[in-house]
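The values are calculated or read from the model by the stated rules, or taken from the named source; none is laboratory data. Because the structure is predicted, anything quoted here is derived from the model rather than measured. Here Cβ is always computed from backbone atoms with ideal geometry, including for glycine, and neighbour counts include all displayed protein chains.
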């Protein structure tokens, strides 16, 4: 999947220590631990994946194929 990464997501990824390659691999594999639809916007999926023992959440607009942001989970 050739996901577009928004400027905001790129900034957050840099701040939070996750690489573009890791994110692209996750979206290519599509092996999510969970997938939920946002309560605020039905076009946004909230997907979860663990990298190196750290769980991450990604907010992804499935209509525009754009990663909106990401953040680590506990």
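Checking each residue in region 1-14 for being assigned to a loop (DSSP other than H, G, I, E, B) and either in contact with a helix residue (DSSP H, G or I) (Cβ under 7 Å, 6 or more places away or on another chain) or surrounded by fewer than 12 Cβ atoms within 10 Å (Cβ to Cβ) (or both) picks out 1, 2, 3.
For region 15-45, the set of residues classified as out of contact with any strand residue (DSSP E or B) (no Cβ under 6 Å at 6 or more places or on another chain), surrounded by fewer than 16 Cβ atoms within 10 Å (Cβ to Cβ) and in a loop (DSSP other than H, G, I, E, B) consists of 17, 19, 30, 31, 39, 40, 41, 42, listed by residue number.
Of the residues 69, 48, which single one is modelled with pLDDT of 95 or more, in contact with a strand residue (DSSP E or B) (Cβ under 6 Å, 6 or more places away or on another chain) and either over 15 Å from residue 9 (Cβ atoms) or not in a strand (DSSP E or B) (or both)? Please lay out each step first, then the result.
Values: 69 fails: either over 15 Å from residue 9 (Cβ atoms) or not in a strand (DSSP E or B) (or both).
Of 69, 48, the one residue that is modelled with pLDDT of 95 or more, in contact with a strand residue (DSSP E or B) (Cβ under 6 Å, 6 or more places away or on another chain) and either over 15 Å from residue 9 (Cβ atoms) or not in a strand (DSSP E or B) (or both) is 48.
Within region 48-71, which residues are farther than 15 Å from residue 5 by Cα and under 10 Å from the mean Cα position of the chain (by Cα)? Scanning region 48-71 gives 48, 49, 56. Residue pairs whose Cβ atoms lie under 6 Å apart, sitting 6 or more positions apart in sequence or on different chains, and linking a residue in region 15-36 that is under 16 Å from residue 65 (Cα atoms) to a partner that is loosely packed, with under 13 Cβ neighbours inside 10 Å and modelled with pLDDT under 90, are 27/1; 28/1.
Only one of 57, 12 is on the phi < 0 side of the Ramachandran plot and without any contact (Cβ under 8 Å) to a residue 24 or more places away in the chain. Can you tell me which? Can you show your working first?
Numbers: 12 fails: without any contact (Cβ under 8 Å) to a residue 24 or more places away in the chain.
After ruling out the rest, the residue left standing is 57.
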